[in-house]
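Structure record follows, encoded as structure tokens.
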Amino acid sequence: MPYATTDDGVRLYFEETGSGLPVILVHEFAGDLRSYELQMRHFGKRYRAIAYNARGFPPSDVPEHVSSYSQARAADDILAVLDHIGAAKAHIIGLSMGGFATLHFGFRHPTRALSLCIGGCGYGAEPDQREMFRAEADVIAATIRNGGMAAFAERYAYGPTRVQYENKDPRGHAEFKAMLAEHSAIGSANTQQGVQKERPSLYTLIEEMKRIAVPTLVITGDEDWPCLLPAILMKQNIPSAGLAVMPNSGHAINIEEPEQYNRIVGDFLSQVDSGRWPMRDPRAVSASITGMK
């Protein structure tokens, strides 16, 4: 089985298909690399598509202590995969937890990214939601530790930004829930407390966003309520960012609407590869609505 090893000795399982410029897919908390199967097939036709399981998600290693999990490590684990495949740069595509990791990869390793696609990024970011989100992370971790993954999946899969998927595709949603139930309880609980709970709010990272010059796509579903305002925040402050909002869609946009998601992201990658993705024209940022002041 193929593994990349991180600087702290954690082995990350990955799969790849295709050839060409590398695309690294970074999964959400409730998913794993299997969540990107339709993207692997689609982008593997034109790119070297790589998906890996984050630490804590078997067959990747599952460190036993929360101290082995953090937002910085999540970003650096992308780098470990990139180094292992021997590529200087890659397109980095992430969703939710993977979207946060992709953004932080842009902060920490901008010279190693061809582009950043930041999907479903924003849970717990808004200042008035911060403490509630942190408390919920502890509740989730305790629920997993005490009741196991199967019972947790029965509740988590029907959250307010997941029901859209169930309504559109009951069979796909059932598969998503079954995969979630297979995750490591230790790894999932530690991820909640080490990565999710402790990551900084996006609203404290505005200066870091302003320094990103890597081509960036921010993408979210319009019913992914915790991510809408943070998506606009990133659009406003990342000078190389475009914003795509998928209609009538929840959180798991890559599996809920795979054809639409693949088209939007594929168009973005094509523009980047051809050198046509723009930086924002400074004239587009003005305190005046008409530019007449």
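Readers should treat all values here as calculations from the given coordinates under stated rules, not as data from a laboratory. As the structure is a prediction and not an experimental result, all values here were calculated from the model. Quick reminder, even Gly has a Cβ in these numbers, built from the backbone with ideal geometry, and neighbours come from all protein chains shown.
Before moving on, here are some points about what is shown:
- Tensor-based shape of the chain (alpha-carbon gyration tensor, a/c under 1.5 rounded, otherwise prolate or oblate): rounded
- Subtracting the Cα-Cα distance of TYR158 and MET132 from their residue separation scaled by 0.36 nm leaves 7.4 nm.
- Environment charge at MET179 (Cβ cut-off 11 Å; Lys +1, Arg +1, Asp -1, Glu -1): -2
- Spatially, segment 7-48 and segment 69-107 are offset by 11 Å when compared through their Cα centroids.
- Within the same chain, lysines fewer than 8 places from LYS210 are excluded, and of the rest, those with a Cα less than 17 Å from its Cα are LYS235.
- The chain, helix-only ellipticity at 222 nm - DSSP H runs n ≥ 4, -39,500 (n - 2.57), divided by all residues, nearest 500: -12500 deg cm²/dmol
- For segment 222-271: rounded, prolate or oblate by the Cα gyration tensor [a/c cutoff 1.5]: oblate
- Efficiency of FRET from Cβ geometry, GLN271 and GLU207, R₀ 30 Å, rounded to 0.05: 0.65
- Eligible aspartates and glutamates near LYS168 by straight Cα distance, threshold 16 Å, same-chain separation 8 or greater: ASP222, GLU223, ASP224, GLU256, GLU257, GLU259
- Compared with the direct C-alpha span, the chain from ALA174 to SER19 gains 52.6 nm at full extension, assuming 0.36 nm per residue.
- Shape of segment 143-209, Cα gyration tensor, a/c cut at 1.5: oblate
- Modelled FRET efficiency - R0 41 Å, ALA87 with TRP225, Cβ distances, 0.05 increments: 0.70
- Candidates ARG48, ARG283, ARG73, ranked by Gaussian network fluctuation over the chain, Cα under 10 Å, top entry: ARG283
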